Structure formats: C-alpha cells, structure tokens
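The values are calculated or read from the model by the stated rules, or taken from the named source; none is laboratory data. Predicted model, so just to flag it, every value in this text is computed and none were measured. Here the Cβ is made from the backbone with ideal geometry for all residues, glycine too, and neighbour counts use every protein chain on show. With ligands, DNA and RNA removed, areas are computed over all heavy atoms of the protein, side chains included. Shrake-Rupley method; radii C 1.70, N 1.55, O 1.52, S 1.80 Å.
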Amino acid sequence: MCWGCNPLCGGCRPPRQKAVTCSSCGWLNVLDIQAKGEPKFVGCERCGADLTHEAVSVAAYCERFEVMCANLCGLSRKPLAAEGRGECQNMIVPDEWHMPNPQA
C-alpha cells in the first residue's frame, strides 16, 4: 500500500510523468505525459531536442476493462471477473488524443 502517489509510478492509477533520456545529449528529463488533444512541443531541458513523441501516451489494450485506452495504469494487466466490471474513471479513448507524426 502506498503512502503517497508517485506521479512516475503508474501502479494503481495512470502515471502523470515519464522519465526520458535525451538521445541527443543523454540528459534525463522528467516529462508530463500528454494524453488528450493536440500534442504540445516538449524539448530537452539541456539541449532543446524534440521529445514530444516521448511525452505522448500510446494507446494499448486494457485487459481489465477489455478496451483500447490511451491512459493505461498498472491495473490494466489484471483482468477482473465479468460481474466485477464497471467503468474506468481514468480511461481515455484513443479518439480523444492525437499521436504526433514522428517524421514531422
């Protein structure tokens, strides 16, 4: 049981931040995860390299609620019994976000 929520953890609720090492300079950046709307530019704190693609969440299959979700948490890998299913309060349908084009 946690004493407080770590925004990088993602065990029981979706993580809010992500640690990313810049491929250009090797600097460790902590980025806020973007899961809704158009992605906003995120640059490396040290060299300014584009890390936007790393900051945008990627949709994946949630085994717990049997849906595609763009805001997964650690519970997504633990299926529920059919009668225990409800509605996830943290779920983001992939239609609500836009993945940036990595070639752009």
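Values computed for the structure shown
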| quantity | calculated |
| --- | --- |
| Enumerated strands (runs of 3 or more DSSP E) restricted to the chain, each holding at least 1 residues that are touching a Lys or Arg at 6+ places or on another chain (Cβ under 7 Å) and either small (Gly, Ala, Ser) or modelled with pLDDT of 85 or more (or both) | 28-32 |
| Identity of the residue in the stretch 9-44, within 24 Å of Pro94 (Cβ to Cβ) and β-branched (Val, Ile, Thr), that ends up most open to solvent (accessible area, probe 1.4 Å) | Ile33 |
| Val67 vs. criteria surrounded by fewer than 18 Cβ atoms within 10 Å (Cβ to Cβ), within 13 Å of Ile92 (Cα to Cα) and out of contact with any helix residue (DSSP H, G or I) (no Cβ under 8 Å at 6 or more places or on another chain) | yes |
| Selection status of Cys73, within 24 Å of Glu87 (Cα to Cα), of a type in the set (A, V, I, L, M, F, W, C), within 12 Å of the chain's Cα centre (by Cα) and surrounded by 15 or more Cβ atoms within 10 Å (Cβ to Cβ) | yes |
| Condition met for Cys44 (over 30 Å from Arg64 (Cα atoms) and in contact with a Ser or Thr (Cβ under 8 Å, 6 or more places away or on another chain)) | yes |
| Residues being more than 14 Å from the chain's Cα centre (by Cα), more than 30 Å from Glu87 (Cα to Cα) and in contact (Cβ under 8 Å) with a residue 24 or more places away in the chain - total across the stretch 1-50 | 7 |
